Amino acid sequence: MELYAMKGGVPLVGEVEIGGAKNAALAILAAAIMTDETVTVENVPDVRDTNVLMAAMESVGAMVVKTDRHTVKINGSKIDNLVIDDEHIKKIRASYYLLGALLGKYKHAEVPLPGGCNLGTRAIDQHIKGFRALGADVRVEHGFVVAEATKLKGGHIFMDKVSVGATINVMMAAVMAEGRTTIENAAKEPHVVDLANFLNCMGANIKGAGTDVIRINGVPKLHKAEYAIIPDQIEAGTFMMAAAITKGDITVKNVIPKHLECISAKLLEIGCEVEESDDAVRVVATKRLNNTQVKTLPYPGFPTDMQPQITVILGLSEGISIVTESIFDNRFKYVDELIKMGADIKVEGNTAIITGVPRYSGANVSAPDLRAGAALVLAGLAAESLTVVDDIKYIERGYEDFPEKLKNLGAQIAKVRDQKELKRIEFGVS
Ligand code: UD1
């Protein structure tokens, strides 16, 4: 099993280029099969999630060709199978975006019910409610969600819960439905807006993405497009937090500072310096940081995908901090790992009560999921002595070249194949 090994205590300094947004890419790649013409998508991050989704698209007959590491050409004209394989959905939940894309284009799709994943129960009732409002017959059979319709008609959907996935899936299903669809209480995340912009480039008529109400006028068909994905808000936020936790000075480049405001504001509040320019944000930390309260919320609130990273920072800050997770019901599993590194954190329900300790100590820890895995790496970069993070397959789902980018900022980190190789590397610690 591959591992990241690191020795902390080095302030990270320098510049880092942020890649395309994984979560936008997952939606946009799936939507690209909705035309029979060839679509070119640029700035696609080369991470496990996007690669698995592209394999799922190929498995139903789509042509997917990478013309360079971050550019993909997709042609959905030869799709001959509307059933997504269980293996793909097991590997990546977002394969269920093919449900909206295939239903929208072919009026039929079958996708295995995505299981509960390690953030707690993740229902898809709002996706199903949206498809039904468009006139689809949706049933769960033999573990599959089967959605079909003779034709889709625009409808009015009020989401009971703000859901990124349901907003995206219903938007895709609605773009070629007859007439007007309204999605109320829609998610406003940057990747929802990016998908809407992409679909509009393909000839769709979507208005209001980025607000609570999205209005879609159905069009008969979509056409070819060339599109570049927005920068990854969470990758950028993770490197901003790397500066904060190592008392470093990092400029994240190729970002949209507006998307990072919720993260910048918290870092300012706890005592970092944050400087914004047109497409970069610099974070400098020179002293022990202060305590605060954080509650995760849908965009533009503080993102749940940054919750583990801020918790790791607050674990080293002065005084007592409170972090409340309001999006998922089981997103503090990594705290047990952090406690192995000396953190003083108590979790009660969806709240973590954090008493800042002066330092973490290196330990062997396991990444329980993607963002928590990245957060444990941040803890390791601030810890005394050697930290080993295993289960890094989760981290590789969403961070491209993570150890390499950290190394360029001065981190002592290496990816090793197994414990045997670990024994051979030296960071000057025994
Ligand atoms: C997406 C992101 C994920 C991020 C999350 C919240 C992708 C691929 N993943 O996940 O990184 O952490 O948004 O910003 O973009 N819910 C229901 N019924 C539904 C759908 C959702 O009850 O039909 C609940 C979920 O259980 C959860 C909450 O709504 O408690 C938010 O989920 P949602 O926004 O849908 O998250 P995902 O799209 O799965």
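The values are calculated or read from the model by the stated rules, or taken from the named source; none is laboratory data. All figures in this text were calculated on a predicted structure; none of them were measured in a lab. Note that each Cβ is placed from the backbone with ideal geometry, even for glycine, and that neighbours are counted across all protein chains shown. For accessibility, only protein heavy atoms count, side chains too; no ligands or nucleic acids. Shrake-Rupley method; radii C 1.70, N 1.55, O 1.52, S 1.80 Å.
Out of the residues in region 293-321 meeting the condition of being open to solvent by less than 10 Å² (accessible area, probe 1.4 Å) and without any contact (Cβ under 8 Å) to a residue 40 or more places away in the chain, tell me which one is farthest from Ala187 (Cα to Cα). Talk me through it step by step, then tell me what you get.
So the first thing to find is which residues in region 293-321 are open to solvent by less than 10 Å² (accessible area, probe 1.4 Å), and the list is 294, 296, 306-315, 317, 321.
Still in the running and without any contact (Cβ under 8 Å) to a residue 40 or more places away in the chain: 294, 296, 321.
Details: Val294: 20, Thr296: 14, Ser321: 28 Å.
My answer is Ser321.
Assess whether Ala352 counts as being under 24 Å from Ala236 (Cβ atoms) and within 16 Å of the ligand (Cβ to nearest atom).
no
Counting only residues that are more than 16 Å from Gly20 (Cα to Cα), of a type outside the set (Gly, Ala, Ser) and assigned to a helix (DSSP H, G or I), how many does region 231-247 have?
3
Restricting to region 134-161, count the residues that are farther than 17 Å from Glu178 by Cβ, of a type in the set (Asp, Glu) and either out of contact with any helix residue (DSSP H, G or I) (no Cβ under 8 Å at 6 or more places or on another chain) or open to solvent by less than 40 Å² (accessible area, probe 1.4 Å) (or both).
1
Could you tell me whether Gly14 is in the same structural domain as Met341 (by TED's automatic domain parsing) and more than 19 Å from Gly237 (Cβ to Cβ)?
So Gly14 does not fit the description; no.
Under the condition of being in contact with a Ser or Thr (Cβ under 6 Å, 6 or more places away or on another chain) and β-branched (Val, Ile, Thr), which residue from region 326-373 is nearest to Ser385 (Cα to Cα)?
The selected residue is Ile354.
Residue-by-condition table, conditions (1) within 16 Å of the ligand (Cβ to nearest atom); (2) closer than 18 Å to Pro11 by Cβ; (3) acidic (Asp, Glu):
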site: Lys258; (1), (2), (3): no, no, no
site: Lys266; (1), (2), (3): no, no, no
site: Ile270; (1), (2), (3): no, yes, no
site: Asp279; (1), (2), (3): no, no, yes
site: Arg282; (1), (2), (3): no, yes, no
site: Lys295; (1), (2), (3): yes, no, no
site: Pro300; (1), (2), (3): yes, no, no
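Do you know which residues across region 111-145 are in a strand (DSSP E or B), at pLDDT 95 or above and away from the ligand (no atom under 13 Å from the Cβ)?
Restricting attention to region 111-145, the residues satisfying the condition of being in a strand (DSSP E or B) are 111-112, 117-118, 120, 137-141, 144-145.
Still in the running and at pLDDT 95 or above: 137-138.
Scanning region 111-145 gives a single hit, Asp137.
In this structure, is Ile128 in the same structural domain as Ile33 (by TED's automatic domain parsing) and either under 21 Å from the mean Cα position of the chain (by Cα) or closer than 25 Å to Val39 by Cβ (or both)?
Judged against the criteria, Ile128 is not a match.
Which of the following residues is surrounded by 19 or more Cβ atoms within 10 Å (Cβ to Cβ), among the hydrophobic types (A, V, I, L, M, F, W, C) and within 14 Å of the ligand (Cβ to nearest atom): Val72, Val41, Val47, Val60? Step through it out loud before you land on a result.
On the way: Val72 fails: within 14 Å of the ligand (Cβ to nearest atom); Val41 fails: within 14 Å of the ligand (Cβ to nearest atom); Val60 fails: within 14 Å of the ligand (Cβ to nearest atom).
Only one candidate passes the filter, namely Val47.
Test each condition in (1) over 26 Å from Asp86 (Cα atoms); (2) of a type in the set (Lys, Arg); (3) over 23 Å from the mean Cα position of the chain (by Cα) for Lys188 and report the one that comes out false.
Among (1) over 26 Å from Asp86 (Cα atoms); (2) of a type in the set (Lys, Arg); (3) over 23 Å from the mean Cα position of the chain (by Cα), the lone unmet condition for Lys188 is (3).
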